[in-house]
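K.L.:
A single structure is presented below for examination.
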Amino acid sequence: MHFDRNIYMRHNLILIIILFLFCPFSRLQAKYEIISKKEMEDKVSGAWAGKMIGVMYGREMEFKALGKIYDGDIPWMPQLVEKSLVEDDIYGQLSFMMTLERYGLNAPVKQLAINFANAAFPLCHANLQARKNIFDGVMPPLSGSPQYSMHSDDIDFQIESDFIGFMNPGMPQSSNLMCDSIGRIMAYGDGLYGGMFVVAMHTMAYFDNDVMTIVKSALKVIPSESTYAQCIQDVVNGYIANPNDWEKTWTLIQNKWGYDDVCIPFHDFDIDAKLNGAFVAIGLLYGNGDFEKTMQITIRCGQDTDCNTANVAAVLGIIHGYSGIPDCLKSYIPEIADKPFLHTDYSYHKAVSQTLFFIKENIVTNGGKIGKDFYKVKVQEPTFRGKLERSYPNAYMNKQIQVKDISKDAFKGDWSDFVYGDGDPDLYKVANAPGDSFELKFNGTGISLLGSWNVDGGRADVYVDGKFIKQIDVYYREEAGKYDVNRAHIFHLLGLSRGEHVLRLVVSKENNPVSSGHKIWLQRAIVFANNKNQMN
């Protein structure tokens, strides 16, 4: 048979063209970034230094401006950074690193959750609820889910997720996978997306120094339909429209997003992840890469200032590296670099070295290489792979009912009045014995009971419209839910049909074996509507 080389070559050329056109992978070429080990260490050092500086730069103004712009002084001296050694924003995430150091980057999330729950440090909000859930046998991913928490959209994961971004330079898909595991200990929906967004900014900052590009790229790792993404996009749009007037953008965000926090009903104190995430974005965009300007704008946005400034300063710490942080901010860090953070065996120096150790493993695992004096990182496109989650869809706070306004006839049995005092004047009703009951009629589509947990807390059966819903257990290892901005949600049920309902609570004879009593604390109820137009 005669072999025609020209025909053969044409056929192969056609085949190559067909494969190129119809196989998407043939058109994707892996992108690599080369970074020297010296520069990587400088950026990691800057990340942790920025976190320490930021948390203390905003510490004194924390929650001093609620729903308004902070217009007071912002004092600073380099020695303040030493107090970062006792800040939960840092030792909380270092506790996760301690578990990863012991069990590896693929440590089971159950192990991370158990270690987190049994740590000695106190917790608030989503972290506190997660710890309570884990003690009650509710493990992740349910421990952070709206089924078991009214804190799923809180800021908690957002403020303690930085370490994940620090150890995933240029790899936002890898960081998202870690977030999707660790973040579910205490978060869901917007609460989870807040961590993903902040972490992605850290990953992008290793190879990009333009804050607008970093913010817009980080938005790609969360679903655009989420309210978190919509809120951050409003910041981006506000900056584009008014690049010299951050207060105008702040007003837009506050008016549109500043009143949706179901965690702390009817209170200006706002621990919502997306609102504080918006303040992070405002600080970064309007600060234009300048450390002090960025932190000062972030602080003036108000609410959780120390957490938010810690996030923005960490981003800038990676962009500029430790060498690029102004001396007026970092000059005292060498004095404390080997002192341990509270509740950990980590110092600043150890946090840097352990992060670099994890970076090497992540780079190799994700297709990169480690050279003698450099890292070759296979960078990843920022993208979200998953389904949209909404923690409390169509749930709007409609009415607050405090026990002081409820008829005494609603309480049957041995109930007593109680006030914590010490800055908390609210009246509680406390059930003391099995068989004590409480009944409340309400008109809405959901309800949450707020009260407290303690070492002598009991169990109670809760019914809605005569149907048994669940048994609650308000035993906890220490007094919790004391203050009005950190009440314990002891029961919640959403998604009811619109109309009149009856909730009934009965203290059970059954009790937690380690509890010293049968007490149930009630302070107020929150009634929800499924449409803003239905609200009173």
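No lab work stands behind these numbers, since they all come straight from the coordinates. The model shown is predicted, which means the values in this text are computed figures rather than measured ones. Cβ sites come from the backbone with ideal geometry, for glycine too, and all protein chains shown count toward neighbours.
K.L.:
Could you tell me how many degrees, from 0 to 90 and to the nearest 10, lie between the Cα long axis of helix 227-241 and the main elongation axis, the longest principal axis, of the Cα atoms of the chain?
P.N.:
The answer is roughly 60 degrees.
K.L.:
Using Cβ contacts closer than 10 Å as the measure, can you line up ARG131, ARG504, ARG477 from fewest to most? Kindly include the intermediate steps, with their values, before the conclusion.
P.N.:
Details: ARG131 23, ARG504 19, ARG477 13.
Final ranking by Cβ density, sparse to dense: ARG477, ARG504, ARG131.
K.L.:
What size of dipole, in debye to the nearest 20, comes out for the chain about its Cα centre when the only charges are +1 on Lys and Arg C-beta atoms and -1 on Asp and Glu C-beta atoms? Can you show the working numbers first?
P.N.:
Values: 53 positive and 63 negative charges, 378 e Å.
Roughly 1820 debye for the chain.
K.L.:
Further question on the same structure: Could you work out [θ]222 nm for the chain from helices alone, using -39500 (n - 2.57) per DSSP H run of at least four and dividing by all its residues? Round to the nearest 500 deg cm²/dmol. It would help to have the intermediate numbers written out before the result.
P.N.:
Working: 18 runs with 215 residues, N = 536.
The helix-only estimate for the chain comes to -12500 deg cm²/dmol at 222 nm.
K.L.:
Just list whichever of LYS37/LYS293; LYS220/LYS274; LYS274/LYS378; LYS64/LYS256 have alpha carbons separated by over 23 Å in the model shown.
P.N.:
Details: LYS37/LYS293 30 Å; LYS220/LYS274 15 Å; LYS274/LYS378 30 Å; LYS64/LYS256 21 Å.
Check vs 23 Å cut-off fails for LYS37/LYS293; LYS274/LYS378.
K.L.:
Okay, next question. Which one, LEU192, HIS151, GLY371, is farthest towards the positive end of the dipole of the chain when Lys and Arg carry +1 and Asp and Glu -1 on their Cβ?
P.N.:
Value computed over the given set: GLY371.
K.L.:
Here's another thing I want to ask about it. Which order results if TYR346, TYR188, TYR420 are arranged by neighbouring Cβ count within 10 Å, fewest first? Write down the numbers at each step before the final one.
P.N.:
Details: TYR346 23, TYR188 27, TYR420 18.
So the residues, fewest neighbours to most, are TYR420, TYR346, TYR188.
K.L.:
Moving on. Cα convex hull of the range 308-417: how many Å³ per residue? Each step should come with its number before you reach the end.
P.N.:
On the way: hull volume 35.7 nm³, N = 110.
Output value, Cα hull per residue: 324 Å³.
K.L.:
If packing is taken as the average count of other Cβ atoms within 10 Å, what order do 312-325, 364-377 fall into, highest mean first?
P.N.:
On the way: 312-325: 24.4, 364-377: 14.8.
Result, highest mean Cβ count within 10 Å first: 312-325, 364-377.
K.L.:
Can you give me the relative contact order of the chain as a percent, contacts being Cα pairs under 8 Å and 6 or more apart? List each step's numbers first, then the result.
P.N.:
On the way: 1124 pairs, mean separation 98.7, N = 536.
For the chain, the relative contact order is 18 percent.
K.L.:
Further question: For LYS429, which lysines qualify as cross-link partners when the Cα separation must be under 20 Å and same-chain residues fewer than eight apart are set aside?
P.N.:
Once the sequence-local lysines are set aside, what remains near LYS429 is LYS399, LYS404, LYS408, LYS412, LYS441, LYS482, LYS509, LYS519.
K.L.:
Check the straight Cα-Cα distances from LYS470 and name the aspartates and glutamates below 12 Å, setting aside those fewer than 8 residues away within the same chain.
P.N.:
By straight Cα distance, LYS470 reaches ASP461.
K.L.:
Per residue and in Å³, how big is the convex hull formed by the alpha-carbon atoms of the range 32-378?
P.N.:
Values: hull volume 40.6 nm³, N = 347.
Spread over its residues, the Cα hull of the range 32-378 gives 117 Å³ apiece.
K.L.:
Further question on the same structure: Of the options GLY435, SER516, VAL464, report the single residue whose Cα projects farthest towards the positive end of the charge dipole of the range 396-534 (beta-carbon charges: Lys, Arg +1; Asp, Glu -1).
P.N.:
Selected residue: VAL464.
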